[in-house]
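*Asks:* Structure incoming, see below.
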Amino acid sequence: MQITVPDLGDFADVEVIEVLVSPGDDVAVDDPVITLETDKATMEIPATDAGRVESLSVKLGDRVNSGDAIGTLTPSGAAADASGDTVSTRVMSPDEIAVATGSTAPEPATEPAGDATHRAQLVVIGAGPGGYTAAFRAADLGLDVILVERWPMLGGVCLNVGCIPSKALLHAAKVIDEAEAMAAHGVEFGPPRVDADKLRGWKNSVVNRLVGGLTQLAKQRKVRVVHGLAQFASPNRLELDNGETIAFEKCIIAAGSEPAMLPGLPDDPRIVDSTGALELDPIPKRLLVVGGGIIGLEMACVYAALGADVSVVELTGSLMPGTDPDLLRPFTKFVRARYESIMVSTKVTGMRATTPGIEVSFDGKDAPSVGVYDKVLVAIGRRANGDKLAAEKAGVSVDPRGIIKVDKQMRTNVPHIFAIGDLAGGPMLAHKATHEAKVAAEVAAGEKSYFDARTIPSVAYTDPEVAWVGLTELEAKEKGIAYEKVSIPWAASGRALSLGRDEGFTKLLFDKDTDRVLGGAIVGPNAGDLIAEIGLAVEMGADATDISLTIHPHPTLSETIAFAAEGFEGTLTDLYMPRKKRG
Amino acid sequence: MAKSIDIVVPDLGDFENVEIIEILVNSGDRVEAEDGLITLETDKASLDVPAPQAGVIESISVAVGGTVSSGDVIGRLSVEGGAAEPGADDAPVGEPQDPASTGETTVVADPDLVPGKPGGKETLVVPELGDFADVEVIEVHVAPGDTIAVEDSLVTLETDKAAMDVPATVAGTVLEMLVSVGDKVSAGSPVLTVEATSAPAATPPAAAAPAPAAKAPAPAAGKPAAAETPTAPAPPGKLPPINEVGFARAHASPSVRKLARELGADLAQVRASGKKNRILHDDVKAYVKAILTGQAAGPAGGGLPKVPSVDFAKFGAVDVQPLTRIQKISGPRLQASWVNLPHVTQHDEADITDLEAKRQELKGPAKEKGIPLTPLAFILKACVAALQEFPKVNASLSDDGESLVFKQYIHLGFAADTDQGLVVPVIRDADKKDVYELAAELRDLSAAARDGKLKAAQMQGASFTISSLGGIGGTAFTPIVNAPEVAILGVSRSTIRPVWNGESFDPRLMLPLSFSYDHRVIDGAMAVRFTTFLGEKLADVDELLRAIP
């Protein structure tokens, strides 16, 4: 039977902003199928019958009207609806939406723990960097803590299938690239022989060592680790998929996010998300990365070094959308020379699994109409897991994107339940999650902590690395903030030249009136490490002079930050900058 | 058995007369050894005075703003004796029991009769106080060993509205006082422990009452308790709420921001002493101290020029007497209302010749029933009619000043003069009461006000206030609105005045009305309409006397 768009009232040509199911998914009555967005609100179109989704005929960005077909469904208990073959769906009334979004929060009543399998003062859902930090900090503050994790290993995405394993592989990539680069300078190693199994083993050993350390840290703090997939049963109780229950006084939700997938892709092992890409199984001859964000570009970097011919396709007009264009220039120049192709403003219109490879069709002026790849990595973003916890049973509001809104103390709309990390909104970064984790744990323990950080650094561990912190030029222009920019090309840095990498630069943005550092960005090797100093300057409200009069060791890449401050002051001697600031 | 020890300030090194900037515990709080009790601030650093042992705070004898030196006693702590010495310490428990002659002699020797174990012993707690928390104990009426009966007054508390007694809910013998004068208590705070005598009638309600209340301090077992009870700022000033946008812009390092959060200070309000308006740690502390000690008003009072200070003794002999507590408390409230509300006062007269004639007629019979049928009762009745006609006068502005809150009830406050100062008891649901009922309630509340026996609930919730000075004299005055109410009616002494009836002057009894209002809510035309309407109602005595169906 068909799934159709119900009566949308006055709205026509409403955009599909999210497709929530894929063919083959089982849906229950009222499960949302797609999300539409009008200029007034977003609404989810729920299934009115239970069954298995056979096909979907809409995709992200499509516009639909009342009565349009969304897809087809095989009903599970088909006999129920004898009237015909159309499963009508319905739109929630505003009242229902108010109820669904939980605008009335229940009292944080501490119901009797009753017969719960476990009980704790604080339960933390998810053992990623946010979750384990929250659990450990709370335990150190004297709370009795249970840490719930759905997977056998602690550490979450970051340790197991994210930051850490990707960095291990990126290190391997860097060694390969640097060895190759030295050939031009008189040191030749010959082409590398890559043993993918051994490399994977080393990567896994790095992960295992960290994860083992976490288990130890939990033991030392008497944090009880419970394995299972948690869902709320009430504002004071969790149920696990293994039947156990946990009664708690307070809760920190740190259940993270998952890779978003394009709808309607064929089910084929050659199409992977970031987790699959880290398995290096096998290293393809020809790789397509769908999505030019940080995750996609990092994996592109690894595979390129391991010998794959890499193509990147990005829907928007630039790689790393939202990044200042000047940062992208050296990066793009560097990777264009090394990758097979970079296709921006290009849409992937379809994929077909064939014996020779995955046949991908494109729509974009610089793209071929079709290409065949040995592996396709889909890295189009991540989706928050806030709506996978039955949070409504605790009265916690979750938005249609799976994000749980929090205040500056990381409290949700239910005061004794906190949310941190990827599902709490904002950038999905481990260092943001850990910072939020400490705030939430401290507040749960009765301390008066707030998330008062002024800035969260962003780093792409690509080659070259791209990092920024504080104000960006795009943001300054958007908000009309006056700033003065000083860029120091790394060609002026002896250290950069001796690394054989002169394409990078260091940029600082200053307040013209107060000389304060508003933000900064760095492109080049180790940019991610160097950016921390600028972060400190922003948080401390440092002036250009505070940086320039701090002696930076020579010869290092960090000197370029001091050069930028001197450039602003007009005291720079390592470059000739005719435009002097003031007397 | 518990024994009581002094809490002393430890060696502070070179410092003397160190200021107390925060009191972290209340009487009755359970503390662990090393838990912070009070916070001192030297010019170098702030430090906490830790509990010497685990136990229950009996009393704290110092206040925020006071100064202490090494060795000073700051309060008393009731310490649970170690297991080694229960026998010796049991003795005092037995002693007070003998005079009580409970007949439960078997219990005396029972080693189970230690604090915390259920027995004849009960802890009496402060009852529900309405909106009040951290109310000061100003008098303690009983001591350990005293025999008390149900309803006996145990301690007297004073809120910013009035004083009230905490009555005993059981009869028995006082074992231990858990509060002392100057302590701050809230609903559920333990007051004393008592060895209850058999009082079957009183027991069920008494037992029921303390049970849920006694739970309140229990969460103190985990350290977090402090978070649930917002740190009690000292009464003189309260820190204004934090403006997050301003806070996020303030030029302050992360550690200064953290300090500001801990103290609840809005960085946007703090005066920066650093270069380029950088806020330093000391700036935050100075700001908090200034507000808590009342040296700086909240955001609203800032920038007002000060009245010059004069040394009166230069011009002759003087005698300095402290303000009463009620005066001290009502002063800032009156000033807040005066400064924040654009006041206008509308004067008018009402012809009460007929009303007064009728009242004189009814007064005698009413008095026989014990009801003093005062003019004020009629004025209240007329005000009810006027407030029903003009609901805006019965409304309040929302906190953000963006909307009007219309109250679906009419609770009338009336200013009562007492020895201690001005208090305003409230007659609830005045619209559901006839003149006789209003008069009877006026009588009861006035008596309670004079005796200082008003309960907190009897002074809360007014939607409009009447201040009648007619019994004393006067022709007109400009009362100050009792914000967040938006209007107040002042009444002066009625006089017989010649009133032109179109042909000749009639002698009529005229009552002067002075109606002050918040001009943000009520405009001049409405004010005159209100007083005119009120005057018509006061002239129509029959309607005022109509019984409530």
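*Asks:* Let me spell it out: the conditions are (1) under 16 Å from residue B:165 (Cα atoms); (2) in a loop (DSSP other than H, G, I, E, B); (3) at pLDDT 75 or above, and residue B:136 meets all of them except one. Which number is the exception?
*Replies:* Looking at each condition in turn, residue B:136 falls short on (2).
*Asks:* Within the range A:391-404, work out how many residues are closer than 20 Å to residue A:156 by Cα and either among the charged types (D, E, K, R) or open to solvent by 10 Å² or more (accessible area, probe 1.4 Å) (or both).
*Replies:* 1
*Asks:* If you don't mind, there's one more thing I want to ask. From the list A:198, A:203, which residue is open to solvent by 70 Å² or more (accessible area, probe 1.4 Å) and not in a strand (DSSP E or B)?
*Replies:* On inspection, the qualifying residue turns out to be A:198.
*Asks:* Just checking, does the range A:145-152 include any residue being within 26 Å of residue A:442 (Cβ to Cβ), within 14 Å of another protein chain (Cβ to nearest Cβ) and either surrounded by fewer than 22 Cβ atoms within 10 Å (Cβ to Cβ) or aliphatic (A, V, I, L, M) (or both)?
*Replies:* So far as the range A:145-152 goes, yes, one or more of its residues are within 26 Å of residue A:442 (Cβ to Cβ), within 14 Å of another protein chain (Cβ to nearest Cβ) and either surrounded by fewer than 22 Cβ atoms within 10 Å (Cβ to Cβ) or aliphatic (A, V, I, L, M) (or both).
*Asks:* If residue A:383 passes every condition in (1) assigned to a strand (DSSP E or B); (2) under 19 Å from residue A:303 (Cα atoms); (3) among the basic types (Lys, Arg) but one, which one does it miss?
*Replies:* Single failed check for residue A:383: (2).
*Asks:* Next up: Residues in the range A:519-553 that are free of Cβ contacts under 8 Å to residues at least 40 places away in the same chain and not in a helix (DSSP H, G or I): how many? First the steps, then the outcome.
*Replies:* Step one: of the range A:519-553, the residues free of Cβ contacts under 8 Å to residues at least 40 places away in the same chain are A:529, A:533, A:536-537, A:540-553.
So of that shortlist, the ones also not in a helix (DSSP H, G or I) come out as A:541-543, A:549-553.
Adding up the residues that qualify gives 8.
*Asks:* Further question on the same structure: Looking at this structure, is residue A:440 within 26 Å of residue B:265 (Cβ to Cβ) and open to solvent by less than 10 Å² (accessible area, probe 1.4 Å)? First the steps, then the outcome.
*Replies:* Details: within 26 Å of residue B:265 (Cβ to Cβ): yes; open to solvent by less than 10 Å² (accessible area, probe 1.4 Å): yes.
Answer is yes for this residue.
*Asks:* Please find, within the range A:443-465, the residue that is nearest to the other protein chains (Cβ to nearest Cβ) out of those that are over 28 Å from residue A:503 (Cα atoms) and among the aliphatic types (A, V, I, L, M). Please lay out each step first, then the result.
*Replies:* Step one: of the range A:443-465, the residues over 28 Å from residue A:503 (Cα atoms) are A:443-454.
Filter once more, so that each one left must be among the aliphatic types (A, V, I, L, M): A:443-445, A:453.
On the way: A:443: 7, A:444: 8, A:445: 5, A:453: 8 Å.
Filtering first and then ranking leaves A:445.
*Asks:* Among what's in the range B:336-356 and is closer than 13 Å to residue B:482 by Cα and open to solvent by less than 50 Å² (accessible area, probe 1.4 Å), pick the residue that is modelled with the lowest pLDDT.
*Replies:* Start the filter on the range B:336-356 by keeping residues that are closer than 13 Å to residue B:482 by Cα, which leaves B:336-343.
This time we only want the ones that are open to solvent by less than 50 Å² (accessible area, probe 1.4 Å), so: B:336-337, B:341, B:343.
Numbers: B:336: 86, B:337: 90, B:341: 91, B:343: 94.
The qualifying residue modelled with the lowest pLDDT is B:336.
*Asks:* Would you check which residues across the range B:461-512 are in contact (Cβ under 8 Å) with a residue 60 or more places away in the chain, polar (S, T, N, Q) and either surrounded by fewer than 18 Cβ atoms within 10 Å (Cβ to Cβ) or not assigned by TED's automatic domain parsing to the domain that holds residue B:331 (or both) and list them?
*Replies:* B:478
*Asks:* What are the residues in the range B:257-275 that are open to solvent by 50 Å² or more (accessible area, probe 1.4 Å) and either within 11 Å of chain A (Cβ to nearest Cβ) or among the aliphatic types (A, V, I, L, M) (or both), if any?
*Replies:* Listed by number, the residues that qualify are B:258, B:262, B:268, B:275.
*Asks:* Can I ask one more? Does any residue of the range A:185-203 turn out to be at negative phi, without any contact (Cβ under 8 Å) to a residue 40 or more places away in the chain and under 26 Å from the mean Cα position of the chain (by Cα)?
*Replies:* yes
*Asks:* Can you tell me which residues in the range B:376-433 are touching a His at 6+ places or on another chain (Cβ under 6 Å) and either of a type in the set (S, T, N, Q) or not assigned by TED's automatic domain parsing to the domain that holds residue B:449 (or both)?
*Replies:* So the first thing to find is which residues in the range B:376-433 are touching a His at 6+ places or on another chain (Cβ under 6 Å), and the list is B:426, B:428.
Correct list: empty.
*Asks:* Which of the residues that make up the range A:1-59 are at positive phi and open to solvent by 60 Å² or more (accessible area, probe 1.4 Å)?
*Replies:* Correct list: A:13, A:30.
*Asks:* So is residue A:537 within 14 Å of chain B (Cβ to nearest Cβ) and surrounded by 22 or more Cβ atoms within 10 Å (Cβ to Cβ) or not?
*Replies:* Spelling it out, residue A:537 is indeed within 14 Å of chain B (Cβ to nearest Cβ) and surrounded by 22 or more Cβ atoms within 10 Å (Cβ to Cβ).
Here is a yes/no grid of residues against (1) open to solvent by less than 30 Å² (accessible area, probe 1.4 Å); (2) not in a strand (DSSP E or B):
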{"position": "A:311", "(1), (2)": "yes, no"}
{"position": "A:319", "(1), (2)": "yes, yes"}
{"position": "A:330", "(1), (2)": "yes, yes"}
{"position": "A:335", "(1), (2)": "yes, yes"}
{"position": "A:342", "(1), (2)": "yes, no"}
{"position": "A:345", "(1), (2)": "no, yes"}
{"position": "A:348", "(1), (2)": "no, no"}
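*Asks:* Follow-up. Since residue A:479 meets every condition but one in (1) at pLDDT 95 or above; (2) within 14 Å of chain B (Cβ to nearest Cβ), which condition does it not meet?
*Replies:* (1)
Per-residue answers, yes or no, for (1) of a type in the set (A, V, I, L, M, F, W, C); (2) at pLDDT 90 or above:
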position: B:334; (1), (2): yes, no
position: B:358; (1), (2): no, yes
position: B:367; (1), (2): no, yes
position: B:374; (1), (2): no, yes
position: B:380; (1), (2): yes, yes
position: B:405; (1), (2): yes, yes
position: B:412; (1), (2): yes, yes
position: B:416; (1), (2): yes, no
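*Asks:* Given B:169, B:159, B:231, which one is open to solvent by 60 Å² or more (accessible area, probe 1.4 Å) and at pLDDT below 85?
*Replies:* After ruling out the rest, the residue left standing is B:231.
*Asks:* Still on this model: Please go through the range A:405-437 and pick out each residue that is away from every other protein chain (no Cβ under 11 Å), basic (Lys, Arg) and surrounded by fewer than 21 Cβ atoms within 10 Å (Cβ to Cβ).
*Replies:* Scanning the range A:405-437 gives A:405, A:411.
*Asks:* Among the candidates A:557, A:518, A:572, which residue alone is surrounded by 15 or more Cβ atoms within 10 Å (Cβ to Cβ), closer than 25 Å to residue A:170 by Cβ and not hydroxyl-bearing (Ser, Thr, Tyr)?
*Replies:* It is A:557.
*Asks:* Among the residues of the range A:542-554, count how many are acidic (Asp, Glu) and open to solvent by less than 50 Å² (accessible area, probe 1.4 Å).
*Replies:* Going through the range A:542-554 one residue at a time, the tally reaches 1.
*Asks:* Consider the range B:238-256. How many of its residues are more than 7 Å from every other protein chain (Cβ to nearest Cβ), of a type outside the set (A, V, I, L, M, F, W, C) and open to solvent by less than 30 Å² (accessible area, probe 1.4 Å)?
*Replies:* So the answer is 2.
*Asks:* Among the residues of the range B:454-470, what is the count of those that are more than 13 Å from the chain's Cα centre (by Cα) and either over 19 Å from residue B:383 (Cβ atoms) or assigned to a strand (DSSP E or B) (or both)?
*Replies:* 5
*Asks:* Suppose the filter is away from chain B (no Cβ under 14 Å) and hydrophobic (A, V, I, L, M, F, W, C); does residue A:440 pass it?
*Replies:* Taking the combined requirement at face value, the residue does not satisfy it.
*Asks:* If residue A:503 meets every condition in (1) in contact (Cβ under 8 Å) with a residue 40 or more places away in the chain; (2) open to solvent by less than 40 Å² (accessible area, probe 1.4 Å); (3) on the phi < 0 side of the Ramachandran plot; (4) away from chain B (no Cβ under 14 Å) apart from one, which number is that one?
*Replies:* (2)
*Asks:* Looking only at the range A:455-474, count every residue that is more than 14 Å from residue A:523 (Cα to Cα) and surrounded by 17 or more Cβ atoms within 10 Å (Cβ to Cβ) and tell me the total.
*Replies:* Here the count works out to 3.
*Asks:* If the requirement is being within 24 Å of residue A:385 (Cα to Cα) and part of a loop (DSSP other than H, G, I, E, B), which of these qualifies: A:307, A:292?
*Replies:* Exactly one of A:307, A:292 is within 24 Å of residue A:385 (Cα to Cα) and part of a loop (DSSP other than H, G, I, E, B), namely A:292.
*Asks:* Moving to a separate point now. Within the range A:101-111, can one find any residue that is at positive phi, modelled with pLDDT of 95 or more and open to solvent by less than 50 Å² (accessible area, probe 1.4 Å)?
*Replies:* Scanning the range A:101-111 turns up no residue that is at positive phi, modelled with pLDDT of 95 or more and open to solvent by less than 50 Å² (accessible area, probe 1.4 Å).
The values are calculated or read from the model by the stated rules, or taken from the named source; none is laboratory data. As the structure is a computational prediction, the values presented were derived from the model and not from experiment. Don't worry about glycine lacking a Cβ; one is built from the backbone with ideal geometry, like all the others, and counts go over all protein chains shown. Keep in mind that these areas ignore ligands, DNA and RNA; they rest on the heavy atoms of the full protein, side chains included. Shrake-Rupley method; radii C 1.70, N 1.55, O 1.52, S 1.80 Å.
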